[in-house]
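Sharing a structure here in structure tokens format.
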Amino acid sequence: MAGGAGQGGLAGAYALDGQDACLRLYADWAQSYDAGFAAAMEYRLPAHVAAAFLAAGPPAGPVLDVGAGTGLCAAALRAQGFAGPIDGVDLSQEMLDVAATKGVYRALYRADVTRPLNLPEGYAGVVSAGTFTSGHVGPEALDPILDCTRPGACLVLSVNLRVWEGGGFADALAARADRIEAPQMIDVAIYGPAAAQADPAHAADRARILILRRRG
Ligand SMILES: C[S@@+](CC[C@H](N)C(=O)[O-])C[C@H]1O[C@@H](n2cnc3c(N)ncnc32)[C@H](O)[C@@H]1O
């Protein structure tokens, strides 16, 4: 498909203009996302987020995967040795249906993370890969996510660098200095070398991984 590896595609994903469009795109993309996009692009962001999360210190408590999609970030946590409970939340039931087949989650919830979340846990950790990006989720999700964590929780969230400035992330973090300690940041390549062939327009995309600690 033009503009991205697999049905759906990055060009369509970055141009989403509302949740109905998002739901349609991921309903079409869910079945081919892993093989047609993640594999073809050597999608590395879930592994980067998992590595940063585990390097910050694995939490003694459950972890929430925000915008869990087909489960690649939880699968990366498992592959890197994390054995604790992981729950996932996503807007798209079709993406969650694929995630459920992987056997890496304790529970999966369909919800909009830009709205107050009514989840049954206070999470000790949060991971998120690929969800804070163009046409998806902005900093308005920070408070709903923080609200379902425990004091001291570690949150490791990727933000696509295409939206870092325009999306107001730096200001949003500064405005929450009473809730979160000063963030650490690591900039990473989202894709591997194969992306140059699969989708040259996005092959060099980078993300900023935020490592946040909720204040006690
Ligand atoms: C690019 S995919 C990333 C999925 C997975 N984390 C990964 O790295 O492969 C973005 C995901 O964000 C989800 N999403 C978009 N807007 C959302 C919202 N408001 N609330 C919850 N999930 C959302 C989409 O349904 C999709 O599964």
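Being within 9 Å of the ligand (Cβ to nearest atom), touching a Leu at 6+ places or on another chain (Cβ under 7 Å) and in contact (Cβ under 8 Å) with a residue 60 or more places away in the chain narrows it down to one of 99, 129, so name that one.
On the way: 99 fails: in contact (Cβ under 8 Å) with a residue 60 or more places away in the chain.
Answer to the selection: 129.
List, please: which pairs have Cβ atoms under 6 Å, are six or more places apart or on different chains, and start with a residue in segment 56-70 that is within 7 Å of residue 125 (Cα to Cα) and end with one that is within 16 Å of the ligand (Cβ to nearest atom)?
The qualifying pairs are 59/125; 62/123; 63/86; 63/125; 64/87; 64/123; 64/126.
Within 24 Å of residue 32 (Cβ to Cβ), at pLDDT below 95 and within 15 Å of the chain's Cα centre (by Cα): is that true of residue 88 in this structure?
Numbers: within 24 Å of residue 32 (Cβ to Cβ): yes; at pLDDT below 95: no; within 15 Å of the chain's Cα centre (by Cα): yes.
No.
Within segment 40-75, track down each residue that is more than 9 Å from the ligand (Cβ to nearest atom), closer than 18 Å to residue 206 by Cβ and surrounded by fewer than 24 Cβ atoms within 10 Å (Cβ to Cβ).
Once the filter is applied, which keeps residues that are more than 9 Å from the ligand (Cβ to nearest atom), closer than 18 Å to residue 206 by Cβ and surrounded by fewer than 24 Cβ atoms within 10 Å (Cβ to Cβ), segment 40-75 yields 42, 44, 47, 48, 51, 52.
The values are calculated or read from the model by the stated rules, or taken from the named source; none is laboratory data. Being a predicted model, the structure only gives us computed values, none of them experimental. With ideal geometry, Cβ positions are generated from the backbone for all residues, glycine too; neighbour counts draw on all protein chains shown.
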